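Everything on this sheet refers to the single structure shown next.
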Amino acid sequence: MTLREKIESGKFIVCAEIEPPKSCNGDVIRRRSRHFDGHVDAVNITDNQTATVRLSSIAAAKILLEEGLEPIMQMTCRDRNRLGIQSDLLGAAAMGIHNVLCLTGDHQKFGDQPEAKGVFDLDSVQLVAMVDQMNRGRLLSGQEMKKATEFLIGAAANPFAEPFEMRLIRLHKKIRAGARFIQTQPVFDLPLFTRWMEWAVDKGLNENCAILAGVMPIRSAKTIEYMKMNVPGIKTNEEHLRRLESASDPESEGVRIAVETIEALQEIKGLRGIHLMPARWLESISVIVHEAGLNRIN
């Protein structure tokens, strides 16, 4: 079954994320792909995350296809205008890539080349709407396409950024524009995320869109401290910090925290799955999925 079919069937979805290398070595993707096989339904390929040059998400997604995994190609608005985005989407579709996550993109000032010019011709809501129009057989210019794309459209959401009400409004806009799945920022504040989900369910936003909660396994207390100081929009958990600081084996404790988070998330009404964000800790994927009882059956 494809990711689209799994979502339509009501299956609980497990996705994960992979970083392309800062080089043209495709074997890096091939090696990293082994951590996901049999454990997840689809794998996100980031698009120059943190505004840092990496192997393109399109090329990396194609390599994942060749390795037998279903990719979710991220597409940001930072680096391309609408002409370049549409061209890249057509190229991806021609290569058999049919899942796209539409993002505005981290501002270039956060990257290692802050002097780069940001494009931002579209924002993420407009990008979702444009891909939806391409699925209907028309380019943004209105020109009819001889063959329409068939993208499953995804978007991101941050339930923890302020103002809270604006986060809800943007979620509504993205779903109304055509998003069929949403991946959230990592959940560390369960009460706030539960409140956000209650609003989404109350508005019926989960009925036509699968909401997947972000889960980030943390392997050390230093990681939480770093995020507190350097990653905007993420609300960390002080209890997790204390547990990791006092643990004799922080990595095992990090796995336990991730599994506990998944178990709690599964009890939230309307949630359709999780999105694992392991950063450079790919080895944790198989352990977490197994201990949470979520192994995929191919």
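The values are calculated or read from the model by the stated rules, or taken from the named source; none is laboratory data. No experiment lies behind these values; they were computed from the predicted model shown. FYI the Cβ positions are ideal-geometry reconstructions off the backbone, even for glycines, and counts take in every protein chain you see.
Side notes on the structure shown:
- Helices (runs of 4 or more DSSP H) wholly inside the range 103-206 that include at least 2 residues being closer than 20 Å to Gly270 by Cβ and touching a residue at least 40 places away in the same chain (Cβ under 8 Å): 164-177, 190-202
- In the condition set (1) surrounded by fewer than 18 Cβ atoms within 10 Å (Cβ to Cβ); (2) under 20 Å from Thr261 (Cα atoms); (3) out of contact with any Gly (no Cβ under 9 Å at 6 or more places or on another chain), Tyr226 is compliant with all but (2).
- Taking (1) surrounded by 20 or more Cβ atoms within 10 Å (Cβ to Cβ); (2) at pLDDT 95 or above in turn, Pro278 satisfies each apart from (2).
- Residue check: Ile211 meets all listed conditions (1) part of a helix (DSSP H, G or I); (2) under 21 Å from the mean Cα position of the chain (by Cα) but one, namely (1).
- Residues satisfying the stated conditions in the range 99-122, i.e. surrounded by fewer than 21 Cβ atoms within 10 Å (Cβ to Cβ) and either within 17 Å of the chain's Cα centre (by Cα) or under 17 Å from Gly154 (Cβ atoms) (or both): Thr104, Asp106, Leu122
- Residue count for the range 207-229 under the criterion of being modelled with pLDDT of 95 or more and polar (S, T, N, Q): the result is 0.
Rundown of residues vs (1) among the β-branched types (Val, Ile, Thr); (2) more than 28 Å from Asp123 (Cα to Cα); (3) modelled with pLDDT of 95 or more, yes/no style:
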{"site": "Ile13", "(1), (2), (3)": "yes, no, yes"}
{"site": "Gly26", "(1), (2), (3)": "no, yes, yes"}
{"site": "Gly38", "(1), (2), (3)": "no, yes, no"}
{"site": "Asn44", "(1), (2), (3)": "no, no, yes"}
{"site": "Arg80", "(1), (2), (3)": "no, no, yes"}
